[in-house]
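Working notes, beginning with the structure itself.
The values are calculated or read from the model by the stated rules, or taken from the named source; none is laboratory data. All values derive from a computational prediction rather than experimental measurement. Here the Cβ is made from the backbone with ideal geometry for all residues, glycine too, and neighbour counts use every protein chain on show.
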Amino acid sequence: MNQRAMIAAGGVFGILLGMAIGGMHLLQKLELDRHAHWPGAEARVVSTRVISVSLGSEDSMRSQQPRVSLKVDGVEYLSEPKNRPVLSKGQATYLAKLVPGDTIRLRYNPDSPAETVLFDHADSSIRFGLACGAVVIVMGILFLVASTTIKESKDPTDPGHPGNEPTDPARP
């Protein structure tokens, strides 16, 4: 593979990687935006169960998933609030400290009040992920542009010149 093709391949890989990184974080942001218009309410923690929470990369910690009781229009609902797949350390620590009887703030779906979310705001990890994805895409584009500006060597003795690729001495 010649130098131009290798740089172009690196550019394509960079663009695809940036799209994957940015896309994953964009989906999280869109999910959070879906909950932004849901009304807020106070709920009472009924019970908790121990869970392992991802903090990003390979870090994780033990935390708790609360089961809560909330009243909407006089009707009581039981719910396990949804969390983001990756929590900040502060969010995981907050969950770890919950005990039955605590009161917490959450948002609920007005069409189905048993559907609740605890952490409904985009924290810095989502914005950082979107920014990283954009930077990797820009770098991939720069690699593609650079691959088009590389000139083929005109020196016939240059190993990179077409026809001067190294050959295997064992092959006739």
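A few notes on this one:
- The stretch 7-60: number of residues that are part of a strand (DSSP E or B), at pLDDT below 85 and out of contact with any Leu (no Cβ under 9 Å at 6 or more places or on another chain): 4
- One residue from 118, 106 being at pLDDT below 85, at negative phi and in contact with a strand residue (DSSP E or B) (Cβ under 7 Å, 6 or more places away or on another chain): 118
- Taking the stretch 66-98 as the range and being crowded, with 17+ Cβ neighbours inside 10 Å, of a type in the set (S, T, N, Q), at pLDDT 70 or above and under 21 Å from the mean Cα position of the chain (by Cα) as the test, only 91 passes.
- Residues of the stretch 35-48 satisfying the condition of being under 17 Å from residue 79 (Cβ atoms) and either free of Cβ contacts under 8 Å to residues at least 24 places away in the same chain or surrounded by fewer than 17 Cβ atoms within 10 Å (Cβ to Cβ) (or both): 39, 40, 42, 44, 46, 47
- Residue satisfying all of: in the stretch 1-31; in contact with a helix residue (DSSP H, G or I) (Cβ under 9 Å, 6 or more places away or on another chain) and of a type in the set (S, T, N, Q); surrounded by the fewest Cβ atoms within 10 Å (Cβ to Cβ) among these: 3
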